[in-house]
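Student: I'd like to ask some things about the structure below.
The values are calculated or read from the model by the stated rules, or taken from the named source; none is laboratory data. This structure is a prediction, so every number in the text was calculated from the model and none was measured. Here the Cβ positions follow ideal geometry from the backbone for every residue, glycine too, while neighbour counts run over all protein chains shown.
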Amino acid sequence: MKTKWISALISATLLLTNTSFGAVDFTKDLMPVLENKCLKCHGRVKENGKVVDKGDLDITKPESIKEFLKVGHPQDSLMYTLVISDDDEEYMPPKGDRLSDAEKKLISDWIKEGASFAGYTRKVKKDSSEGKGTKETKEKTVITASKKTFHKTLDFTKDVFPILEKNCLKCHGHIKESGKVVDKGDLDITKPESIKEFLMIGHPQDSLMYQLVISDDDDEYMPPKGDRLSVTEKKIISDWIEQGASFSGYTKKVKEESLLQKMAKSVGAPNAKTITHFKGLEAIVLPLTRQSPLLQIDFKLIAKKTTPALTKRLIELKDNVVNLNLSKFQIDDSSLKTVGQLKNLIYLYLDNTAVTDKGLTSLQSLSNLEYLNLYNTAVTDKGLQKLTSLKKLKKLYLWQTKVSEAGVAKIQQALPGIHIHYKMPMMPKEYVKRRAAALIAEKEAAKKKAGAD
């Protein structure tokens, strides 16, 4: 599917720092990364020698990339909407770490600036190989993109720390992702004095910090999981060490406990009988992590069997539920009074339900809510204004509602920084056809299963 190779394109379009200086240049800023990440499968000729399928991505051709862009409008560009999607079936890349905010911003900025390919050229060289006694010529793509050299003095905060933060912070911040403080003597990338123990200033080849990211030994290589550092990222680290490994102007960033870590410490174990009851109805009830008291509950698969009264039992888990999927649930506005008491709720899916403006009043007490999906509901501008008290709300889905552009603008003003999905992104015809075919196949399979039952 096209979405698989889009992931390669999106994953490759990375930004090495949180800030982009001036217009994003396709050849200088994006193409070197595409060459490193995508060329094997999505150049003119794949690594296996086969020419890319007609209509599939060829990263050497701007016209191929443009098929997934609405120039000037990242929110309507499939290239961008897939990397910010919260739907696990659509999100790109489908495996590995999700893109950071900085990486998403690079894609957004490049599209917003006009997605220019100005100055980009591609060169094709011939490479011959022998096969069954006859000489067969194969095209191989070579990207015309000069390798970056850093003549300027590299800045630790702007140039180096973003790389360490993206690749190392989970295990080598002041507080690990698990909530534990890093071991004494282990690397803490937020402390210059800790980093210096892994450096021989002026000599990157003799610095453990650099040796581990260029190692070919899988038992030594860092990071041990996820993507390896790009050639450019390794060069930044090497050049920074060679230039003297200065931390000038750096202010220590200490990783604080996440909201979920704090919640997990403050709540008790969930009610086992209630969990058993929901599971007996074939709802999906899972802890966020092993032995975590925080829960994610999904009623989507049994939505047609539900009743508004079922939500009343959620009150028995009011401190534990942080992710609740009521998509297509047989719910009404009065049922949301119970949902409004789930004080630690962060993610809430109410799409394809009978919820109206009246019901949104009950959600005003959800002070931790960050994600709300109201797709295909009867919500209007009036109801939308009831959400302005949710100061942590980051993502709001409003496709196929009765909300107007004026209403969207108003809540955007009240909640700066919120990301609102209001219009369905434009999709290539081929993608739409394949998606439609998949849905038809799913319905046919469901009919056969129902007949068998």
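Student: Can you tell me which residue among 285, 267 is in contact with a Pro (Cβ under 8 Å, 6 or more places away or on another chain) and either more than 14 Å from residue 164 (Cα to Cα) or modelled with pLDDT under 85 (or both)?
Tutor: Answer to the check: 267.
Student: List the number of the failed condition for residue 91; all other conditions in (1) within 14 Å of the chain's Cα centre (by Cα); (2) surrounded by 15 or more Cβ atoms within 10 Å (Cβ to Cβ); (3) modelled with pLDDT of 75 or more hold.
Tutor: Evaluating residue 91 over (1) within 14 Å of the chain's Cα centre (by Cα); (2) surrounded by 15 or more Cβ atoms within 10 Å (Cβ to Cβ); (3) modelled with pLDDT of 75 or more leaves (3) as the failure.
Student: Moving on. Is it fair to say residue 260 is part of a helix (DSSP H, G or I) and more than 29 Å from the chain's Cα centre (by Cα)? I'd like the intermediate steps shown before the answer.
Tutor: Values: part of a helix (DSSP H, G or I): yes; more than 29 Å from the chain's Cα centre (by Cα): no.
No; evaluated as a whole, the condition is false for this residue.
Student: Yes or no: residue 273 part of a helix (DSSP H, G or I) and surrounded by fewer than 12 Cβ atoms within 10 Å (Cβ to Cβ)?
Tutor: Judged against the criteria, residue 273 is a match.
Student: Answer yes or no as to whether residue 286 is of a type outside the set (S, T, N, Q) and assigned by TED's automatic domain parsing to the domain that holds residue 370.
Tutor: Judged against the criteria, residue 286 is a match.
Student: Scan (1) outside the structural domain of residue 196 (by TED's automatic domain parsing); (2) modelled with pLDDT of 90 or more; (3) over 25 Å from residue 361 (Cβ atoms) for the single condition residue 340 breaks and write down its number.
Tutor: (3)
The rows are residues; the columns are (1) surrounded by 15 or more Cβ atoms within 10 Å (Cβ to Cβ); (2) in a helix (DSSP H, G or I); (3) among the basic types (Lys, Arg).
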| residue | (1), (2), (3) |
| --- | --- |
| 190 | yes, no, no |
| 194 | yes, yes, no |
| 200 | yes, no, no |
| 210 | yes, yes, no |
| 218 | no, no, no |
| 223 | yes, no, no |
| 226 | no, no, no |
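Student: Taking residue 268, is it at positive phi, touching an Asp or Glu at 6+ places or on another chain (Cβ under 8 Å) and small (Gly, Ala, Ser)?
Tutor: The answer is no for residue 268.
Student: Another question, if that's okay. Go through 241, 236 for me and flag whichever is out of contact with any Lys or Arg (no Cβ under 9 Å at 6 or more places or on another chain), assigned to a helix (DSSP H, G or I) and at pLDDT 85 or above.
Tutor: 241
Student: Ok, one more. What's the total number of residues in region 369-394 that are within 21 Å of residue 343 (Cβ to Cβ) and either touching a Cys at 6+ places or on another chain (Cβ under 9 Å) or crowded, with 17+ Cβ neighbours inside 10 Å (or both)?
Tutor: Total satisfying the criteria: 10.
Student: Output yes when any residue across region 422-439 is modelled with pLDDT of 85 or more and either surrounded by 10 or more Cβ atoms within 10 Å (Cβ to Cβ) or not basic (Lys, Arg) (or both), and no when none is. Break it down stepwise before answering.
Tutor: Narrowing region 422-439 to residues modelled with pLDDT of 85 or more: none.
No: region 422-439 contains no residue that is modelled with pLDDT of 85 or more and either surrounded by 10 or more Cβ atoms within 10 Å (Cβ to Cβ) or not basic (Lys, Arg) (or both).
Student: Here's something else I'd like to know. State whether the residues of region 330-339 include one that is over 16 Å from residue 398 (Cα atoms), assigned to a loop (DSSP other than H, G, I, E, B) and among the hydrophobic types (A, V, I, L, M, F, W, C).
Tutor: yes
Student: Evaluate region 358-378: report whether one residue or more is closer than 24 Å to residue 73 by Cα, more than 27 Å from the chain's Cα centre (by Cα) and either outside the structural domain of residue 79 (by TED's automatic domain parsing) or not aliphatic (A, V, I, L, M) (or both).
Tutor: Scanning region 358-378 turns up no residue that is closer than 24 Å to residue 73 by Cα, more than 27 Å from the chain's Cα centre (by Cα) and either outside the structural domain of residue 79 (by TED's automatic domain parsing) or not aliphatic (A, V, I, L, M) (or both).
Student: Among what's in region 246-262 and is modelled with pLDDT of 80 or more and in contact with a helix residue (DSSP H, G or I) (Cβ under 7 Å, 6 or more places away or on another chain), pick the residue that is surrounded by the fewest Cβ atoms within 10 Å (Cβ to Cβ).
Tutor: 249
Student: Take residue 321 and decide whether it is crowded, with 19+ Cβ neighbours inside 10 Å and farther than 23 Å from residue 398 by Cβ. If you could, list the steps in order and put the result at the bottom.
Tutor: Details: crowded, with 19+ Cβ neighbours inside 10 Å: yes; farther than 23 Å from residue 398 by Cβ: yes.
Yes: the conditions hold for residue 321.
Student: Sort through 310, 348 and tell me the only one that's crowded, with 21+ Cβ neighbours inside 10 Å, outside the structural domain of residue 81 (by TED's automatic domain parsing), of a type in the set (A, V, I, L, M) and at pLDDT below 90.
Tutor: 310
Student: Can you name every residue in region 353-409 that is in a loop (DSSP other than H, G, I, E, B), aliphatic (A, V, I, L, M) and closer than 19 Å to residue 326 by Cα?
Tutor: Correct list: 354, 355, 366, 369, 374, 378, 379, 393, 398.
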